[in-house]
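Undergrad: Starting off with a structure, shown below.
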Ligand SMILES: Nc1ncnc2c1ncn2[C@@H]1O[C@H](COP(=O)(O)OP(=O)(O)OP(=O)(O)O)[C@@H](O)[C@H]1O
Ligand SMILES: [Mg+2]
């Protein structure tokens, strides 16, 4: 029995705008999705802003109803058997919200232990264990308002584990964290998966998915574009090489000329401080560097490298350039 | 889980919601301020007016009424803002995702606010004694105490029912303003309900604060009527409010799931 089984799932949000003349607007957040996650798997859902990641996580978490389709988690219907199912799901939404800031870290997780109806005897031993796991033992009796972002996020992790759930639904667990804090969280997630917990994780960071997940689904505009291993995703661009050109103030018309180059497969422009970094995907061995630089002859170029494509390039090829708008 | 275990778990949720809410409130200045200052002002006003009007015999009535207004205010405000607060902190969604029902959680939290508001009654008596030299004599202390507890339960459950309105609206602040005054006027907390038009009487009967005011007044020695009928009414009303609350919150949980949370504000 798969841990998560989603068939033909659609979710439409209805919103109304205007006070006097109410207009109904429908947003299709998930569009006939099929997905299977096996028990014990560490599964990643990758997608740009507005792709529908949070919507899918909430439906799996039983706090949002599908418009149509079936969703079974651990064999239970996420619509009708929600009370039983909730005991076995650990839910985490990234970001700083979702904690009682005026209470201490320990009070926060103890409270959720009761809400999940964990027997008091178990709470007693589990709270210190979890605080230890996320490295908050020393600061557990301080108020959350004084915690750093990373500490809050680690507290979230402890909170979502308090009832020893079988399936973890983690929506962007490293959102807004610095690289060190994010790496700590990833380490904890990997450890939990090693213990046998099924992990469903969303992200818009490729390297995170690459580092953690056995399989990945790419979601865009409510549709699943591909489900496979990260390396299979990389194979999408195996026949390509990427020319990376770092330059200053390339005007739009020059970029447009580059884009028109007949042998260019894909191009994305990354702006880093005052610099622009152009990632130009070209067929492997095509040696187009000179031609590209010719187009850029009026522009100040600081660095040029040719490299192997990464998961990020594959993702961009699949989703399009908006993939990286965060 | 057996029914008994599940009941015990629910009681633990109420207990801990109570404790957590208390722990949070202790750190809130506005909460303490509203709780302490309002009863003093109301007592000064109401007893002052009765004195000025040449009816000092109504002083005790004014004190009890002001205390109940204080309790009711604290209750309605906080019941409304519990949900709002959970919304702001982003915890409402996580509460909805647990196997515990929202109603049970909110009941614990409201009860916590309500029992803190018990202080209002003591403050009004103290103000009465210090400023107007109204003797602190209560004829039937036990009856007064029981009346207070029953009033507390009834006020909490009524606060919960009215709290459903806050769950569904963003205008919790306005809503409290709109609901506050009519309820304590109808409940005879400012002046006796006998001075109101007759058609309002059924509304007064449906509201717990009127019976609370009556029970406490009688126990304090304002009239010789039996306490039992008022006690019974308080119990019946508390039960009715609780049942309405159960149905309402189940509906709210369903709406939340259908709409995608009560997260927007
Ligand atoms: N409660 C809601 N009411 C109306 N529309 C909504 C609601 N929640 C989400 N949406 C819309 O549904 C679509 C998918 O949103 P969702 O939050 O699931 O995306 P996401 O992949 O989690 O995005 P992000 O990376 O920004 O978190 C978006 O177009 C969003 O505007
Ligand atoms: Mg999201």
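FYI, it's all coordinate maths here, none of it is from the lab. Given the structure is predicted, the values throughout are model-derived calculations rather than measurements. Virtual Cβ from ideal backbone geometry, glycine too; neighbours counted across all protein chains shown.
Undergrad: If you take the beta carbon distance between residue B:246 and residue B:122 as r and set R0 to 22 Å, what does 1/(1 + (r/R0)^6) give as a FRET efficiency, to the nearest 0.05? Kindly include the intermediate steps, with their values, before the conclusion.
TA: Values: r = 32 Å, r/R0 = 1.46.
Once the sixth-power term is evaluated, E becomes 0.10.
Undergrad: If you don't mind, another one. State, to one decimal in nm, how far the label point of residue A:13 lies from the label point of residue B:27, with both points 7 Å from Cα in the Cβ direction.
TA: 3.0
Undergrad: Continuing with the same structure: At a Förster distance of 22 Å, what's the computed FRET efficiency of residue A:302 paired with residue A:228, Cβ-Cβ distance as r, to 0.05? Let's see the in-between values first.
TA: Numbers: r = 36 Å, r/R0 = 1.65.
Using R0 = 22 Å, I get an efficiency of 0.05.
Undergrad: How many Cβ atoms of partner chains, on average, are near each residue of B:103-109 if near means within 10 Å of its Cβ?
TA: Across B:103-109, the average partner-chain Cβ count within 10 Å equals 1.
Undergrad: Need the full-extension length gain, residue B:236 to residue B:52, defined as separation in residues times 0.36 nm minus the C-alpha distance. One decimal, nm.
TA: Full extension from residue B:236 to residue B:52 adds 62.4 nm.
Undergrad: What is the mean number of Cβ atoms from other protein chains located within 10 Å of the Cβ atom of each residue in peptide B:249-260, rounded to a whole number?
TA: Values: counts 0, 0, 0, 0, 2, 1, 0, 3, 8, 4, 5, 11.
Across B:249-260, the average partner-chain Cβ count within 10 Å equals 3.
Undergrad: Calculate, for residue A:270 and residue A:34, the FRET efficiency according to 1/(1 + (r/R0)^6) with r their C-beta to C-beta distance and R0 22 Å; round to the nearest 0.05.
TA: It comes out at approximately 0.10.
Undergrad: A follow-up question, please. Between rounded, prolate and oblate, where does segment A:111-198 land on the alpha carbon gyration tensor, with a ≥ b ≥ c its root eigenvalues, rounded for a/c under 1.5, else prolate if a/b exceeds b/c?
TA: Note, shape of segment A:111-198 comes out oblate.
Undergrad: Shifting gears a bit: As a check on your grasp of the helix formula, calculate [θ] at 222 nm for chain B: sum -39500 (n - 2.57) over DSSP H runs of n ≥ 4, divide by the residue count, round to the nearest 500.
TA: -27500 deg cm²/dmol
Undergrad: Residues in segment A:292-308 near a label at residue A:248, defined as backbone nitrogen under 16 Å from the 7 Å Cα→Cβ point?
TA: Those under the cut-off are A:297-304.
Undergrad: Arrange the following residues from fewest to most other Cβ atoms within 10 Å of their Cβ: B:211, B:199.
TA: Values: B:211 27, B:199 7.
Ascending number of Cβ neighbours within 10 Å: B:199, B:211.
Undergrad: Separate question: Between segment B:1-67 and segment A:84-125, what's the alpha-carbon centroid distance in Å?
TA: That distance is 29 Å.
Undergrad: GNM, chain B, Cα, under 10 Å: largest mean-square fluctuation among B:212, B:48, B:62?
TA: Taking springs between Cα atoms under 10 Å, the residue moving most is B:48.
Undergrad: Taking Cα pairs under 8 Å and at least six residues apart, what relative contact order does chain A come out at, in percent?
TA: Here the relative contact order equals 19 percent.
Undergrad: Going by how many other Cβ atoms sit within 10 Å of their own, how do A:160, A:213 line up, fewest first? Could you put the intermediate results ahead of the total?
TA: On the way: A:160 26, A:213 23.
Ranking A:160, A:213 by Cβ neighbours within 10 Å, fewest first, gives A:213, A:160.
Undergrad: Still on this structure: Which ordering of A:114, A:138, A:31 is given by a fewest-first count of other beta-carbon atoms within 10 Å?
TA: A:138, A:31, A:114
Undergrad: Label-point separation (nm) for residue A:235 and residue A:149, each offset 7 Å from Cα along Cα-to-Cβ?
TA: My value for the distance between the label points is 3.7 nm.
Undergrad: On to the next question. Of the DSSP beta bridges with both residues in the protein assembly as shown, give the percent that are antiparallel, rounding to the nearest 5.
TA: Bridges in the protein assembly as shown are about 70 percent antiparallel.
Undergrad: Same structure, new question: Please compute the modelled spin-label separation between residue A:27 and residue B:259, points set 7 Å along Cα→Cβ, answer in nm with one decimal.
TA: Result: 1.5 nm between the two label points.
Undergrad: A follow-up question, please. Within 10 Å of each Cβ in A:85-97, how many Cβ atoms from other chains are there, averaged over the peptide? Write out the running numbers ahead of the final one.
TA: Working: counts 1, 5, 3, 1, 3, 1, 4, 1, 4, 0, 1, 2, 8.
That average works out to 3.
Undergrad: Then there is this: How high is the relative contact order of chain B, in percent, with contacts defined as C-alpha pairs under 8 Å that are six or more residues apart?
TA: Averaging sequence separation for qualifying contacts and normalising by length gives 25 percent for chain B.
Undergrad: Right, next: What's the center-to-center distance, using Cα atoms, between segment B:83-149 and segment A:13-78 in Å?
TA: If we compute the Cα centre of each part, the gap is 40 Å.
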